[in-house]
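The structure that follows is given in the form of structure tokens.
Read-outs: derived from the displayed coordinates by stated rules, not from any lab. Since the structure is predicted, the reported quantities are computational estimates derived from the model, not experimental observations. Cβ: placed from backbone, ideal geometry, glycine included. Neighbour counts: every protein chain shown.
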Amino acid sequence: MGIIIKPLVTEKMNKISEKFNRFGFIVSPDANKLEIKKEVESLYNITVENVNTIKYSGKNKTRYTKAGIIK
């Protein structure tokens, strides 16, 4: 399995890529910056200047049912 899971495609990311020529990817949680850099360079045949990473947790989903609130 590769380090890069999929590209991050949102309206905000589209604006950033057009204006600043930066791109976002969802990557494996245990990948480091050097591994990410090597994989992006090999997949897209470009040179990467720097890599910024961020860890964030997913959102909790709440369902309202007859029995009550389920989280």
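Evaluate 2.2 N^0.38 Å with N set to the residue count of the chain, then give the Cα radius of gyration divided by it.
1.52
Using alpha carbons only, how many degrees (0 to 90, rounded to 10) separate the axis of helix 33-44 from the longest principal axis of the chain?
70 degrees
Can you give me the long-range amide H partners of PHE25? Hydrogens built in the peptide plane at 1.01 Å from N, cutoff under 5 Å, separation of 5 or more residues or another chain.
LEU8
Just going by the charge dipole of the chain, with Lys and Arg at +1 and Asp and Glu at -1 on Cβ, which of TYR44, TYR56, ALA67 is farthest out on the positive end?
About the Cα centre, the residue reaching furthest to the positive side is ALA67.
Now a separate question. List the GluC sites (Glu not before Pro) in segment 15-62 that DSSP assigns to loop (not H, G, I, E or B) and whose Cβ has at most 16 other Cβ atoms within 10 Å. Which are they?
GLU49
Loop only by DSSP, 13 or fewer other Cβ within 10 Å of the Cβ. Give me the chymotrypsin sites (Phe, Trp or Tyr not before Pro) in the chain that pass, ordered by residue number.
When the chymotrypsin sites (Phe, Trp or Tyr not before Pro) of the chain are filtered for loop state and at most 13 Cβ neighbours within 10 Å, TYR56 remain.
Right, next: All other residues with a Cβ under 14 Å from the Cβ of GLU11 taken together, and with Lys, Arg as +1 and Asp, Glu as -1, what is their net charge?
Result for the neighbourhood of GLU11: +2.
Sticking with this one: Compute the long axis of helix 11-20 from its Cα atoms, compare it with the longest principal axis of the Cα atoms of the chain, and write down the angle in degrees, 0 to 90, nearest 10.
20 degrees
Right, next: State, to one decimal in nm, how far the label point of LEU34 lies from the label point of LYS61, with both points 7 Å from Cα in the Cβ direction.
3.9 nm
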